[in-house]
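Below: one structure, written as structure tokens.
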């Protein structure tokens with residue numbers, strides 16, 4: 001039977017702190033999940049870690065936990081039921097924004113349009129709503145929920161879109177009282193600013209877990225960065241000038257925006273200036289420094305990034321140079337990424353070195369830096385003048401990226417069609433696809449390259465990393481993705497055998513696989529995707545270790561199954577005990593049932609295998625079922 005408004009009220013008490021989670025939140029990734037969904041869920045966790053103190057950890061026998069599994073549709077329980085609960089990522093739900101939406105439900109968030117004051121902002125067209133889905137448009141009183149003292153948010157990731165649960169796709173079920181916001185509601189990019197604010201208020205967060213530092217240089221304190229007193233020259237905190245626009249503000253903001261500037265057109269060759277961060281205390285061993293820069297002076301100018309580490313005595317004085325950039329007299333802003341590792345407290349430094357002042361009419365510019373405890377993207381592609389292409393390019397124009405290499409050594413590329421295709425249904429969208437490219441490692445690699453996750457991100461260039469709402473999509477390579485005209489050969493086979501030769505890279509490129517409607521032109525223009533007219537795309541091609549995503553032993557009895565909430569796709573399915581696979585954990589770790597060097601843990605009768613895992617999580621958990629026990633014996 002469908003969930004009633006009464007049962008929903010009993011379980012949707014945002015105001016009741018009984019339904020708040022204790023941090024960190026244990027999770028299980030069930031065997032039933034699609035491989036792509038597992039990767040997307042882990043990326044969604046990183047979004048929470050970047051923006052809040054809400055942390056997720058592998059399940060280890062706790063009473064409360066979230067079990068992600070593939071049932072019918074996308075849905076979640078509201079709040080912590082204190083007895084373990086299910087969250088469904090069904091077919092078509094494996095998008096990061098949808099996963100974030102459902103996790104927020106599990107954390108205690110309701111839909112935005114259920115607010116007590118919603119009628120001031122939106123209108124519900126009840127006669128357009130599917131009869132058995134009307135409960136999804138109920139609103140609730142302040143005794144059941146709280147707005148956490150925030151205003152109504154049209155852009156919330158928890159807001160329904162105009163046609164949610166409609167009888168007919170041409171009929172809107174919800175419209176905004178201010179018509180301009182009809183195109184805003186229902187966004188499925190990422191957290192809105194209010195979503196982040198509410199999440200942090202609800203869980204009393206004072207800082208994020210993985211965002212160590214960021215600065216757009218708009219404040220007078222320079223975000224704690226300081227000058228080295230022994231420098232020959234100095235970094236200047238400059239305001240925009242007609243020929244020196246900063247990166248933070250859009251170009252139309254002529255009188256706003258600041259950046260750091262090292263003038264290399266005067267003084268003497270070899271002069272230096274050092275800009276040094278405050279002391280930072282990491283929690284992970286890997287970090288990514290992202291910033292925008294340009295070097296408009298002498299080709300001999302240098303910009304180096306150094307790390308100053310703890311020398312083992314508690315003093316931060318051990319210097320390591322990690323990256324150097326050379327002057328190129330390019331007046332366009334570029335994006336830079338610098339990977340480095342550091343387990344103890346440290347500082348990062350920008351070291352400017354003056355080349356030949358007689359050959360310089362400018363200097364070195366830095367703006368919009370972000371330091372996060374994450375891996376930098378493997379592929380970064382900046383397309384100049386993309387905003388112009390949206391209007392002037394031919395409908396059949398496609399742009400192909402340079403060759404990039406994955407961590408495993410596979411060559412790959414991206415193809416972008418700014419104006420989609422001639423098909424009118426795609427005319428106002430940008431098409432993006434992914435393809436493999438022949439490379440120097442092909443002789444030793446595994447072919448076809450299956451069970452690897454492709455992630456494409458169109459970067460929202462908001463200087464505040466927490467507020468970025470980038471467009472991100474992913475898929476996993478599998479046996480169904482083939483070339484019909486090549487005897488159904490895998491698209492992920494060796495490009496030198498299946499692809500077309502490209503003289504620009506002296507390489508072969510396979511045909512692509514991607515999205516005809518990756519992002520709309522309207523969205524590209526509305527957000528910060530086209531700052532200075534340029535588009536920035538990140539791409540990853542990552543191997544997913546199957547053993548790190550297998551379900552851990554945990555069961556839900558019918559007595560603990562909570563009511564659940566229908567999600568983005570409007571599918572609401574009652575949860576029954578028979579929907580869950582039977583799980584029979586081993587009672588003992590002797591003999592050790594774990595393969596491949598796993599460690600067996602027995603937590604009050606719950607037995608699991610632990611393995612070292614990757615960069616994001618230190619442990620990966622394997623279920624030990626009765627079937628496994630019988631095979632091993």
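Applying the criterion of at least 2 residues that are within 25 Å of residue 451 (Cβ to Cβ) to the strands (runs of 3 or more DSSP E) found wholly in region 24-93 leaves 25-29, 56-58, 66-69, 85-89.
In the set (1) modelled with pLDDT of 95 or more; (2) closer than 20 Å to residue 163 by Cβ, the condition left unmet by residue 106 is number (2). Criterion first (assigned to a strand (DSSP E or B) and modelled with pLDDT of 95 or more) does residue 262 satisfy it? Considered against the rule, which asks whether it is assigned to a strand (DSSP E or B) and modelled with pLDDT of 95 or more, residue 262 comes out as yes.
The strands (runs of 3 or more DSSP E) located wholly in region 271-340 that include 1 or more residues which are touching a residue at least 24 places away in the same chain (Cβ under 8 Å) and under 21 Å from the mean Cα position of the chain (by Cα) occupy 287-295, 330-340. Look at residue 533 and say whether it is in contact (Cβ under 8 Å) with a residue 24 or more places away in the chain and either closer than 21 Å to residue 453 by Cβ or under 20 Å from the mean Cα position of the chain (by Cα) (or both). No, not satisfied.
Of all residues in region 490-518, those satisfying the criterion of being more than 20 Å from residue 453 (Cα to Cα), part of a strand (DSSP E or B) and touching a residue at least 40 places away in the same chain (Cβ under 8 Å) are 502, 507, 508. Comparison of 195, 153 shows that the only residue that is crowded, with 19+ Cβ neighbours inside 10 Å and either out of contact with any helix residue (DSSP H, G or I) (no Cβ under 6 Å at 6 or more places or on another chain) or at pLDDT below 95 (or both) is 195.
Residue-wise test of (1) in the same structural domain as residue 44 (by TED's automatic domain parsing); (2) more than 24 Å from the chain's Cα centre (by Cα); (3) within 25 Å of residue 288 (Cβ to Cβ).
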{"residue": "162", "(1), (2), (3)": "yes, yes, no"}
{"residue": "167", "(1), (2), (3)": "yes, yes, no"}
{"residue": "173", "(1), (2), (3)": "yes, yes, no"}
{"residue": "181", "(1), (2), (3)": "yes, yes, no"}
{"residue": "186", "(1), (2), (3)": "yes, no, no"}
{"residue": "227", "(1), (2), (3)": "no, yes, yes"}
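Name the residues in region 326-357 that are closer than 27 Å to residue 459 by Cα and surrounded by fewer than 17 Cβ atoms within 10 Å (Cβ to Cβ), would you? Listed by number, the residues that qualify are 326, 328, 329, 330, 331, 332, 337, 339, 341. Scanning region 109-124 for residues that are in a loop (DSSP other than H, G, I, E, B), surrounded by 15 or more Cβ atoms within 10 Å (Cβ to Cβ) and either out of contact with any strand residue (DSSP E or B) (no Cβ under 9 Å at 6 or more places or on another chain) or modelled with pLDDT of 95 or more (or both) yields a count of 4. Residues that are in a loop (DSSP other than H, G, I, E, B) and either in contact with a strand residue (DSSP E or B) (Cβ under 8 Å, 6 or more places away or on another chain) or without any contact (Cβ under 8 Å) to a residue 24 or more places away in the chain (or both) within region 519-530 comprise just one, 529. Does at least one position in region 437-445 carry a residue that is out of contact with any helix residue (DSSP H, G or I) (no Cβ under 8 Å at 6 or more places or on another chain), assigned by TED's automatic domain parsing to the domain that holds residue 522, in contact (Cβ under 8 Å) with a residue 24 or more places away in the chain and not in a loop (DSSP other than H, G, I, E, B)? No, region 437-445 has no match at all. Checked against the criteria, residue 385 does not count as touching a residue at least 40 places away in the same chain (Cβ under 8 Å), more than 27 Å from residue 541 (Cα to Cα) and more than 24 Å from the chain's Cα centre (by Cα). For residue 78, state whether it is crowded, with 24+ Cβ neighbours inside 10 Å, farther than 19 Å from residue 15 by Cα and touching a helix residue (DSSP H, G or I) at 6+ places or on another chain (Cβ under 9 Å). When the stated conditions are applied, residue 78 does not pass them.
Of everything in region 460-489 that is out of contact with any strand residue (DSSP E or B) (no Cβ under 8 Å at 6 or more places or on another chain) and in contact (Cβ under 8 Å) with a residue 24 or more places away in the chain, the residue that is nearest to residue 434 (Cα to Cα) is 478.
The values are calculated or read from the model by the stated rules, or taken from the named source; none is laboratory data. Predicted, not measured: the structure shown is a model, and the values here were computed from it. Counting neighbours? That spans all protein chains shown, and the Cβs are built from the backbone with ideal geometry, glycine included.
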